[in-house]
Every structure is written in C-alpha cells, then in structure tokens.
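Note sheet for the following structure.
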Amino acid sequence: MPYARNAHDASRVYFEDDGGGGTPVVFLGGFLDPVDLVRGSPIARALQGLPEEFRLIYVDHRGHGRSDKPHDAKAYVMPLRVADAVAVLDELGIERAHFIGISWGGRLTFGIGEHAPERVRSLVVIGQQPYAIDPDGPLTRVVGDALAASREEGIEALVQAFEAIAGRYPDTVRAAYLRCDAAAMRAAWSAAMAEGAVSEDLSAWGFRCLIYVAADDVDFFDQALRAAEEIPNAEFASIEATDHLGMDTARVDPVLPAVLRTLRGQAG
C-alpha cells in the first residue's frame, strides 16, 4: 500500500495516486471520511472525467482510513497535519499541487496555505473557514456532545448524531464511518477546537483560492465569506438549499465552472 511518512513525527500517511501526466490535484476529505468515500464525492467524480488534465491524489487524514491514528490531541496540531500533506507530495516527487479540501479537509487546506504556501498552486475550500471554531455553533455542539458520548457508546454516537440531521447514510457509508477510531476522532476534534485561527494574515496570501459553502451552513457561511473577502482575489460561491452535512452529496454543477477556473488559473 502507498504510504508517505511525516518528516516531523514519522506518522504514516496513506494516499492513492491515480497517476497520469496532468496537473496534480490533492483531495482531502471530511471528518470520518476515508479515501474510498472521498473518491465518490461530487467534486471528485467531476474531475475524474478529465484525466488528461488533472492527476488526482487522495489522502487519508491522520486518524482516518489507513493512516496512523494517534490518540493524543498534540498529534493533530495544524503544522503536523500540514506536514502529512507535504509528505505525500515529497513521496511522489511533486513540487506544487492544487488542494481541494472538503469540510475537515477544508480546514487543513487553509492550514496548507498558511504553513506551506510554496507547495500550493491553488486552494479549493469546501464548507470551511480559517478562524477559531465557535464552540456554540449548532453543528459544533452536536459533534462535541456526540464525541463526548463516544467514550461510552463508541463512534456510533457521532454517526447517529449526523444521521439525526442528514438522514440515515447508505450502508456502505455508514459501515465506513463505524470503522472510525473514536479515540482518534476525539483527539483530532480537541486539537481543532483549541487551535484558534489557522492564519495570522490572510491578506498576505498570493495564490488562487476558491471558497464555497452551503447557503444554509449556519456554522461556517459568514466566516467563509469573510475569508474570501480577506484573501486577495479569492472567489466565493454558495450552494443553495443545503446545509453543511448536505455538501457531501450536493450537486457540484453550480460551482464546477468556478472550480475549473481556479484549477486552470483563469480569471473569474
């Protein structure tokens, strides 16, 4: 199996590379999402139809899928998470890539922009923001409460909490989520809640950036819009009639032109 090794703490990072001669695009999925599910996301499926143009690479976050799963919150600080993505590029001999991050992966994508800008061609951030996470946000409270319950009930507590909002997941998705390591998820979440803002100065960023969120995402919409206003020449878009959890399956058609403009380096 293909692994990279983090240069700072030697953690193993699992990835899958579709290969080809196109420009590299690294996918970073959401909380609980292993590579297998990220491959099936609407944005990934859209780009899979352009193999001559884009070389798609999928990475399991630490704590997820086949990557190492430390149980200490200190192992999930943003610089270490960024170093995981950098390790994959180094393993593949890639100097710079586009990064597409979905939710949890969107948070990491902002981190890559801050801590490894020299490795960035562009960022596409889906359903996230780079500021301190509000512990009183509706979805944030749901996740925090469910992860606390997972100490007794296992990761099913979080899966059921998500299903109470989004409806029951398909069996394959549910099975993948139930294989997640609850202690690793608690550690990762604890680190994210404590980390504060990802960037000290978004106005200094010099690469292309697209941020798009669900129109009904009450946790992240306003902050995502603010970030797009602070990052020079960033583009902002929203998907109507869905919320944060709905972005997993929302149609990508409304924002695909903006995604392609970002990846191709075209003006909006």
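The values are calculated or read from the model by the stated rules, or taken from the named source; none is laboratory data. Since the model is a prediction, treat every value here as computed from it, not as a measurement. When we count neighbours, we look across all protein chains shown, and the Cβ atoms used for this are built from the backbone with ideal geometry, even at glycine. Surface accessibility is based on the protein's heavy atoms, side chains included, excluding ligands, DNA and RNA. Shrake-Rupley method; radii C 1.70, N 1.55, O 1.52, S 1.80 Å.
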Gained length - Asp9 relative to Glu53, 0.36 nm times residue gap less alpha-carbon distance: 12.4 nm
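How much length would be gained if the chain were fully extended between Arg141 and Glu91, taking 0.36 nm per residue of separation minus their Cα-Cα distance, in nm to one decimal?
14.2 nm
Per residue, how much accessible area does the chain show when a 1.4 Å probe rolls over the protein heavy atoms, in square angstrom?
Details: 11180 Å² over 268 residues.
Per-residue accessible area for the chain comes out at 42 Å².
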Rounded accessible area of Thr172 (nearest 10 Å², 1.4 Å probe): 100
Mean-position separation - Cα centroids, segment 124-149 and segment 1-62, in angstrom: 24
Distance in nm between pseudo-label sites at Gln266 and Arg174 (7 Å out along the Cβ direction from Cα): 4.2
Mean separation of Cα contacts under 8 Å, 6 or more apart, over the residue count of the chain: relative contact order %: 19
Label point at Leu256 placed 7 Å out along Cα→Cβ; residues across segment 203-246 whose backbone nitrogen lies under 17 Å: 238-240
Percent carbon-and-sulfur accessible area, segment 33-152, ignoring ligands, DNA and RNA, probe 1.4 Å: 49
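Taking a ≥ b ≥ c as the square roots of the Cα gyration tensor eigenvalues, with a/c under 1.5 meaning rounded and otherwise prolate when a/b beats b/c, else oblate, which class fits segment 1-155?
Because a/c hits 1.5 or more and a/b exceeds b/c, segment 1-155 counts as prolate.
Under a 1.4 angstrom probe, counting protein chains only, how are Val82, Val173 ranked by accessible area, largest first?
Details: Val82 5, Val173 30 Å².
Heavy-atom accessible area, descending, gives Val173, Val82.
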For segment 6-100: relative contact order, % (alpha-carbon pairs under 8 angstrom, 6 or more apart): 41
